[in-house]
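Reading through the structure tokens given below for one structure.
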Amino acid sequence: MKKILAIAIATAFAAPAFAATSNVDIYGNLHMSVDYLDNGNDSGTNVSSNASSIGFKGSEDLGGGLNAIWQVESQINGDAGSTGGAFNSQRDTFVGLSGGFGTMRLGYFDTPTKQLSRKLDLFNNKIGDSRNVLRSNATTGTGGNAWEERFNNGVRYDTPSFGGFTANVHYSTNFDSTGATATNNNDAYSVGANYANGPLFVGATYQRNNLATPAVPPVGFTGDETNMRLGAGFNMGDLKLVALYSKSEDQRGTNGADRDVWGVGAGYKLGNGEIKAQYYKASDEDGSVASTGAKMYAVGYDYNLSKRTQAYVAYSKTKNDSGAQFSAMGGGGHGDNLVSLAGQDPSAISLGMIHKF
């Protein structure tokens, strides 16, 4: 009887100790806005949920400086209870190992290419998001390449920092989840290198997608497409400056379907707030319909109500050439969009709130 009682007491005390080693964190954000959208032909007001999410992550000390890491993250559809469900799409989800050698991960998560543009976008997940011109297909106004998508079936290695320098390699055996699972007939890779030291950040990436049997994005294309990016950011006291250059070749597997996109931005802190603006320009796509370029600009003001809660107002407008249909509102993480007609100049104004937990 005493032995049974001793085992029961030991088990009761051991269970909390075991749970503590799991080191599970719950995190996320709710990002909602009320927007007035105008695509040049139609207009309306709507409430939008913009990349709101909830996630669970943790690590386990395996000894010798080695840690097991994991994360499960899902997008929250905060503006419409039943449409797509409350948790309507998966976000960065992986399992891996980290230590003095760096970090290895397996799963579904952002590529170095996407991470570079997100780091330098002053309107990330808001109207005026740079993905309105980086991601969209000028002749449809919707997704036309995979530069801003996560890799399915991904494996990635990140080096430790060497005096501020880091590098990463991200490979997908089957990046759009179609095609034969036993062969790499639609694989992809994205590589990057970054330098961050004090106020300076510089980054470069290269990505190649094999579109042998593609699903979305893009639909119905074969061949290879490539993208190269260079970006930089610099902080001078309260002033922040950012710039990004992106060159895509053979988009959608079409030989000669090349496009350059570049953008600059600036933000200036005023107490708890920040005024900011950015400008992006997309060139005509070579070998495509004539006059498929566009210019997008965005201005806004963010005000931090606390360390975790922000209110903001933003305005964005895109001026399309006669054959282009780029958006000003929903090409990235912003939830709602009105697809413009060719040659129209869409615009949007947004009043929003973000709470991080």
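The values are calculated or read from the model by the stated rules, or taken from the named source; none is laboratory data. Treat the numbers as computed from the prediction; the structure is a model and nothing was measured. Backbone-built Cβ (ideal geometry, glycine too); neighbour counts: all protein chains shown.
Need at least 2 residues that are under 24 Å from His355 (Cα atoms) and at pLDDT 95 or above per element, so show me which strands (runs of 3 or more DSSP E) inside region 50-115 make the cut, counting only ones lying wholly within it.
Here the list reads 53-63, 66-76.
For region 275-311, the set of residues classified as of a type in the set (A, V, I, L, M, F, W, C), at pLDDT 95 or above and over 18 Å from Ser347 (Cβ atoms) consists of Ile275, Leu305, Ala311, listed by residue number. Residues that are at pLDDT 95 or above and in contact with a helix residue (DSSP H, G or I) (Cβ under 6 Å, 6 or more places away or on another chain): does region 205-214 have at least one? Checking region 205-214: at least one residue is at pLDDT 95 or above and in contact with a helix residue (DSSP H, G or I) (Cβ under 6 Å, 6 or more places away or on another chain).
Let's see how each residue does on (1) surrounded by fewer than 19 Cβ atoms within 10 Å (Cβ to Cβ); (2) of a type in the set (D, E, K, R); (3) under 19 Å from the mean Cα position of the chain (by Cα):
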site	(1), (2), (3)
Leu230	yes, no, yes
Lys247	yes, yes, yes
Glu274	no, yes, no
Gly332	no, no, yes
Asn337	no, no, yes
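Exactly one residue among Gly179, Gly154 is among the small types (Gly, Ala, Ser), buried (at least 16 other Cβ atoms within 10 Å of the Cβ), modelled with pLDDT of 95 or more and farther than 19 Å from Gly332 by Cα, and that residue is Gly154.
When only residues in region 249-272 that are aliphatic (A, V, I, L, M) and at pLDDT 95 or above count, which is farthest from the chain's Cα centre (by Cα)?
Filtering region 249-272 for residues aliphatic (A, V, I, L, M) gives 257, 261, 264, 266, 270.
From what's left, at pLDDT 95 or above: 261, 264, 266, 270.
Details: Val261: 17, Val264: 18, Ala266: 20, Leu270: 27 Å.
Here the answer is Leu270.
Only one of the listed residues (Gly256, Gly267) is part of a loop (DSSP other than H, G, I, E, B) and touching an Asp or Glu at 6+ places or on another chain (Cβ under 8 Å). That residue is Gly256.
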